[in-house]
Amino acid sequence: MKAEHYKNAEYAYSKVFWGEDKNRQYENEADQLLLRNAIREDTKWIADLGGGFGRLIPTLKKRSKNVVIVDASLDLLREAKATYGDDPSVQYIRANVYHLPFKDQSLESAVCMRVMHHIENPDLFFKELNRVLQKSLYLEFPNKKHILQQFRFYFLQDNTIDIFSSRPEMRDKMFLNYTLRFMKSHILKETIFSIQKISGASFLRHTHLKKLPKRILLAGESFLQRISFFAEWAPSILLTLRKNADTPPKEFSDLHEIVVCPICRGSLFINEQHIACEAGHTFEMEEGILDLFIE
């Protein structure tokens, strides 16, 4: 599915993909477990890039004083706002991840879960992450060489995905899949992050396995996530990245001190309904959601 679907009001992502009848409770809880194990430090500001309707907020709020949900879909952000709107620690920004509306080194940390399969220009994305982040990044990507894909290749003669190539490939004409080798080389090329840990998730994501009781599934998932040897075989891989920088972190007390114009990166003047920068670029504010999206 292309990212444009998530910006379409007729595509209710939270229900079409994550609805209770979609049998994806296991994947959701596996993601939450993965983040709880990965995020070991408290922060003042963390961004949930591609955070949509706020699925990860309960986990992120336990580690950060403020969470900024960033997404391209205004409808998903409205849904998140309807859920967490009275919580002053949760902020909402509509933006393009290739043009993040944040000051240089303004965010202590960011989480990026189930977003990389939409990223067609990873180098540009990594450059933006390198620009806006101070400390850490938790970056998940779909593993092109997971164990089930290798089984399909070797035993079912399914060569729709070339597991020997490190280049990203589209699965089912909808989702980009990446190799760990590709991610490592491009992150190290475009950023000053170092990889601290490689973790796997959704190990038991198979129709038949998901018929098992949830407590058994999650017990197995928890065991496999803690063994780094298995990470490269997982359908999803999470990279825990740390920025190699000697400069002391900057501290900000308000979201308005962090955001900038995504066009010129000038300061923004924000009121309840209108946003403008020093150069005259204007944007909209809708009930607490900053619409700073540009193509």
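Which of the following residues is out of contact with any strand residue (DSSP E or B) (no Cβ under 7 Å at 6 or more places or on another chain), hydrophobic (A, V, I, L, M, F, W, C) and at pLDDT 95 or above: LEU33, LEU49? Testing whether each residue is out of contact with any strand residue (DSSP E or B) (no Cβ under 7 Å at 6 or more places or on another chain), hydrophobic (A, V, I, L, M, F, W, C) and at pLDDT 95 or above leaves just LEU33.
Open to solvent by 100 Å² or more (accessible area, probe 1.4 Å) and of a type outside the set (A, V, I, L, M): is that true of PHE155 in this structure? It is true that PHE155 is open to solvent by 100 Å² or more (accessible area, probe 1.4 Å) and of a type outside the set (A, V, I, L, M). Close contacts from the stretch 37-55, counting a first residue that is over 12 Å from ALA95 (Cα atoms) and a second that is basic (Lys, Arg) and part of a strand (DSSP E or B), with Cβ to Cβ under 9 Å and a gap of 6+ residues or different chains, come to ALA38/LYS197; GLU41/LYS135; ASP42/LYS65; THR43/LYS65; THR43/LYS135; LYS44/LYS65; TRP45/LYS65; ILE46/LYS65.
If you take the residues in the stretch 213-256 that are outside any loop (DSSP other than H, G, I, E, B) and among the hydroxyl-bearing types (Ser, Thr, Tyr), which one is most open to solvent (accessible area, probe 1.4 Å)?
Result: SER228.
Checking the stretch 85-95 against the condition returns a match, with at least one residue being under 24 Å from CYS277 (Cα atoms), in contact with an Asp or Glu (Cβ under 6 Å, 6 or more places away or on another chain) and either acidic (Asp, Glu) or open to solvent by 40 Å² or more (accessible area, probe 1.4 Å) (or both).
Any residue that is of a type in the set (Gly, Ala, Ser), under 12 Å from LYS145 (Cβ atoms) and surrounded by fewer than 15 Cβ atoms within 10 Å (Cβ to Cβ) - is there at least one of those in the stretch 193-200? Looking through the stretch 193-200, none of the residues is of a type in the set (Gly, Ala, Ser), under 12 Å from LYS145 (Cβ atoms) and surrounded by fewer than 15 Cβ atoms within 10 Å (Cβ to Cβ).
Of all residues in the stretch 257-286, exactly one satisfies the criterion of being of a type in the set (Val, Ile, Thr), open to solvent by 70 Å² or more (accessible area, probe 1.4 Å) and over 23 Å from the mean Cα position of the chain (by Cα), namely THR282.
Of all residues in the stretch 201-245, those being among the small types (Gly, Ala, Ser) and in contact with a strand residue (DSSP E or B) (Cβ under 6 Å, 6 or more places away or on another chain) number 5. ILE163 meets all of the listed conditions (1) surrounded by 13 or more Cβ atoms within 10 Å (Cβ to Cβ); (2) part of a helix (DSSP H, G or I); (3) of a type outside the set (Ser, Thr, Tyr) but one, namely (2).
The values are calculated or read from the model by the stated rules, or taken from the named source; none is laboratory data. All figures in this text were calculated on a predicted structure; none of them were measured in a lab. When we count neighbours, we look across all protein chains shown, and the Cβ atoms used for this are built from the backbone with ideal geometry, even at glycine. Remember, those area values only see protein heavy atoms, side chains included, never the ligands or the DNA or RNA. Shrake-Rupley method; radii C 1.70, N 1.55, O 1.52, S 1.80 Å.
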